[in-house]
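Inspection log for the structure reproduced underneath, given as structure tokens.
None of the figures in this text is laboratory data; all of them are computed from the coordinates on show. What you see is a predicted model; the values in this text were computed from it and never measured. Glycine also receives a Cβ, built like all others from the backbone with ideal geometry; neighbour counts cover every protein chain displayed.
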Amino acid sequence: MTDDRNEARAARSRELWTAARQLLPGGVSSPVRAFKAVGGTPRFIDRAKGPYVTDVDGIRYVDYVAAWGPAILGHAHPAVVEAIQEQAGLGTAYGTPTEVELALAERIVAAFPSIERVRFVNSGTEATMSALRLARAFTRRDKIVKFAGCYHGHADSLLVEAGSGVLTLGLPGSPGVTAGAAADTWVLPYNDEAAVEELFARHGEEIAAVIVEPIAGNMGVVPASRDFLQALRRLTREAGALLIFDEVITGFRVAYGGAQTLLGIEPDLTCLGKIIGGGLPVGAYGGRAEIMELLAPAGPVYQAGTLSGNPLAMRAGLATLEVLAQPGVYERLERQAARLAEGLEAEAKAQGIPYCVQRVGSMWTGFFHPGPLRNLDDVKASDIDFYARYFHGMLREGVYLPPSAFEAAFVSLAHTDHEIAFTVEAHARALRRARQAAGA
Ligand SMILES: *Cc1c(COP(=O)(O)O)cnc(C)c1O
């Protein structure tokens, strides 16, 4: 699967990888980084600038992982670097309210019509986990509905048929999740209104919340149909359940006001993360005041955090959103991503390879599948062995794609026509090499 010449160039990464596995479980701090799905040695990155990451062997790659979503401006954007440097000199955490968390909250509330109050946490996982607790308290019900292939972080009740790393590693869920937590979670196929309709007809009064990625990114990019999301909105409202949009990826990615603004559908609660921290650890959840005011200290639902709203992350997030609020930003992201997708698809077509790019704005996945892919079953039918060979071909060409066929890739504001053209040419060669290796 791997490429020997490619591996030989990664001498320092290989040394570090050997050491890492003696110190960190699986050599990493988060599973998909380990290249398990594609084989070979994970590259240890020690520098990043604009659209590029550079590894410890000095090899530079055009980056489409974007730190798994946050790096929408490109890496080390001057405005973000300056904000972090300035704040670091003023202290990195006080454990008090700060003016900067207020400024970020104002921006988020202004961007999302459905958010009147927002609570900052330290990760997307904390945001979804806390939003569920709040939904259960508000509705006084226990059951949660999620969709196969959607990933909402690693809280127990959400690690059932989750996408992302769980999917990449072929795990059905996770040992260590209690039967109780799993039993409170009902999992349905994505984009299947009839299944949701049926569940609500039978159990609507037990359901606290439906949580969904309005544009799935964690089984690769699979957009929800408008009808599906509208059905979720209607059914939850009729049953007195809450609709939670997990916009940890899509918030400030597909539009300034996230997928809900793009699609014109308002959830009751929204989870955010990734981009709003500008590359520092952050998460947030928000919604109507009547729900959010149940949170302590305003109300009885407990949720806290020593470093929550810490000024370093707030400053980095604020600097990022200030750039994103400038005119023409999302048009540029759309144009560059469209150019890339067209180039990739045209080349695959020319070589007769079943391939399609699924994309919303600057989040995209190239599937080795004729498409369209609407749910997890479709995604699993894509050619993942071919992806692994192709991935290594791209790496050799100097393009860093997600090390799994089931992840979203991202174009940043720093990707210029040059990087796009470079990527399409690399893709043409990597496809050819992957076909030869497949004996096609
Ligand atoms: C990344 C992600 C999460 C989890 O966020 P972490 O910061 O990794 O805990 C939750 N939901 C979605 C949709 C995500 O993409």
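Some notes on this structure:
- With a Cα cut-off of under 22 Å and a minimum spacing of 8 residues unless on different chains, the lysine pairs in the chain number 5.
- The value of relative contact order for the chain, using C-alpha pairs under 8 Å at least six residues apart, is 22 percent.
- Acute angle (nearest 10 degrees) that the helix 226-239 long axis makes with the longest principal axis of the chain, alpha-carbon atoms: 20
- Local charge for Met292 was computed over the other residues whose Cβ lies under 12 Å away, with Lys and Arg +1 and Asp and Glu -1, and equals -1.
- Whole-Hz couplings from phi, Karplus 6.51/-1.76/1.60, listed for region 202-211; x for Gly and Pro: 8, 10, x, 6, 9, 8, 7, 7, 10, 10
- Degrees separating the helix 99-111 axis from the principal Cα axis of the chain, which is the longest one: 90
- For Gly283, the residues whose amide H sits under 5 Å from its own are Val121, Asn122, Ser123, ignoring neighbours fewer than 5 places away on the same chain, with H placed 1.01 Å from N.
- Whole-number percent relative contact order across region 253-411, with pairs defined as alpha carbons under 8 Å at least 6 apart: 17
- Label point distance in nm, Ala296-Ala103, each placed 7 Å from Cα along Cα→Cβ: 3.1
- When each of the peptides 191-201, 376-386 is scored by how many other beta carbons lie within 10 Å of its residues on average, the order from highest to lowest is 376-386, 191-201.
- With Cα atoms defining each centre, region 101-134 and region 188-225 are spaced 22 Å apart in the structure.
- Here's the picture: charge each Lys and Arg Cβ at +1 and each Asp and Glu Cβ at -1 in the chain, and of Ala241, Phe410, Asn6 the one pushed furthest to the positive end of that dipole is Asn6.
- MRE, 222 nm, helices only [DSSP H, n ≥ 4, -39500 (n - 2.57), over the chain, to nearest 500]: -12500 deg cm²/dmol
- Derived scalar couplings ³J(HN,Hα) [region 295-306; Karplus, 6.51 cos²θ - 1.76 cosθ + 1.60; whole Hz; x for Gly, Pro]: 6, 5, x, 5, x, x, 7, 7, 6, 8, x, 3
- Mean Cβ neighbour count within 10 Å, used as a protection proxy, ranking 72-82, 362-372 highest first: 362-372, 72-82
- Relative contact order %, region 160-308, counting alpha carbon pairs below 8 Å whose residues are six or more apart: 15
- Whole-number D in µm²/s for region 26-136 (Stokes-Einstein; Kirkwood sum over Cα pairs; 37 °C, 0.692 mPa s): 188
- Under-5 Å amide H pairs with Val399, H placed in peptide plane, nonlocal only: Val62
- Cα-based Kirkwood hydrodynamic radius, the chain, one decimal, Å: 22.2
- Charge dipole magnitude, Cβ of K and R +1, D and E -1 - region 170-211, Cα centre, debye nearest 20: 220
- Burial ranking of peptide ranges 393-400, 331-338, 290-297 (average Cβ count within 10 Å, highest at the top): 393-400, 331-338, 290-297
- Net +/- balance of residues flanking Val329 in space, Cβ distance below 13 Å, scoring K and R +1, D and E -1: 0
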